C-alpha cells in the first residue's frame, strides 16, 4: 500500500449553469464550489481518502500503443489517496491479446496500474471478467496474487471458488483506525459459466445483503457499494439502478459508486447517502458520444480524535477526459483532468479535440444535473 497522506479537505465540483451553453470556457472555471466542513473536522488529523475511477480498458488499438502515458496525468491524484480503486474491465487471459468484444489484456497493464499509477484495489466483478472463461479468470487471479505479493495491491469481486469468495467478500480495508468495507458486484458476465464456478460476485440481493452484514460483523465503520450495473451509454440511471440503490441504502451502506454504462450518469443522495450511478470510462479507445469523459470520485472518512466520532464527508467529483492518439500526444492515449487542461487549447495537436472535450463536458453537466 502507498504511504499515508492527508489530502487538503477542499472539494471542487464542476457545476452546470442555466446559461451554460452561451458562456465561454473561462466562465466555467472561474467559480469554485467549496462544500463547508463542520469545524470539528476541518483540521482533523485522522482522515482517510479513497479515490475511485471507472472502467480501465484495453481495446485492440490500445494494445499497439505505449501504455505508459495512458494514466500518467491522473496518477499523482491516485497515488495521493490512501486507497485508489479502479474497475479493471478485462481478464489477464494470456496470448493472443484481444480487445472488444472478448478482452484479454497483457499482464504489464495491471502491473502498470498498480506500480506506476498507484492503484491499491482492482475491482473484478464486471461483465468482462470471464471473457476468457474459467482458465482466463484463474490466470487473472494468479497474476493479481503476484501483484499483491509484490506491490500490496488487492483485488475484490472474483475468486476461484465460493468458499474463497465468502472469505474475501467484502474486502476490508483499514487505515488510521478507520475500517472500510468494499462490496463489489456485477449484474452479470458476457461469457463463461453463470453458476457456482467461477465465483464472481453477482447482483443478487441475498448474496450482497450477506456481504453487507458480514462487513458490520467485522466492525466496518463504513460500507461502500461498488456495483457494475445500469444501461450502457445512458446519461441517466435506469429503474433497476434506482431500486437497487434504495435497497442498498436500506441495508445500511454509506456510499454507492457505480460503473458499467461507459458514460457518466447522474448523482443523488438517498436518505443522506451519496449515490454516484456511473463514473464512466477512465481510459479506453471508445469514441461514441459521451464515452471519453469520466469521473474520479474521492470519498473522505474522518475520525474526530477527541470524541471518536466517525463520518464521511461529501464526495469530491473531478471530471476526466481520455484523449486519443494524435489529439494531444502523437502516439498514445492520455487521460487527464478537464479543469487542469481547460485553458490549454494550444497544447492540443488537434485543437478540435479540445473543443470536443469542452462541448462534451457541458453536455454531460446539463444532462446529468451534476452540480455543487
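The values are calculated or read from the model by the stated rules, or taken from the named source; none is laboratory data. All figures in this text were calculated on a predicted structure; none of them were measured in a lab. Cβ: placed from backbone, ideal geometry, glycine included. Neighbour counts: every protein chain shown.
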Could you give me the residue pairs with C-beta distances under 6 Å whose first residue belongs to region 269-286 and is over 11 Å from residue 256 (Cβ atoms), whose second residue is assigned to a loop (DSSP other than H, G, I, E, B) and modelled with pLDDT of 95 or more wherever it lies, and which are 6+ apart or on separate chains?
280/263; 281/262; 281/291; 283/70; 283/71; 284/57; 285/59
Condition test on residue 275, is it more than 20 Å from residue 55 (Cα to Cα) and in contact with a helix residue (DSSP H, G or I) (Cβ under 9 Å, 6 or more places away or on another chain)?
no
Which of the residues that make up region 190-219 are crowded, with 17+ Cβ neighbours inside 10 Å, at pLDDT 90 or above and farther than 14 Å from residue 165 by Cβ?
212, 215
Can you spot a residue in region 14-24 that is in contact with a strand residue (DSSP E or B) (Cβ under 7 Å, 6 or more places away or on another chain), outside any helix (DSSP H, G or I), at pLDDT below 50 and surrounded by 15 or more Cβ atoms within 10 Å (Cβ to Cβ)?
yes
One residue from 292, 318, 362, 327 being surrounded by 17 or more Cβ atoms within 10 Å (Cβ to Cβ) and under 21 Å from residue 83 (Cβ atoms):
318
Residues of region 146-167 being modelled with pLDDT under 95 and out of contact with any strand residue (DSSP E or B) (no Cβ under 6 Å at 6 or more places or on another chain), which ones?
160, 163, 164, 166, 167
Looking at region 315-328, which of the residues that are in contact with a strand residue (DSSP E or B) (Cβ under 7 Å, 6 or more places away or on another chain) and part of a loop (DSSP other than H, G, I, E, B) is nearest to residue 52 (Cα to Cα)?
315
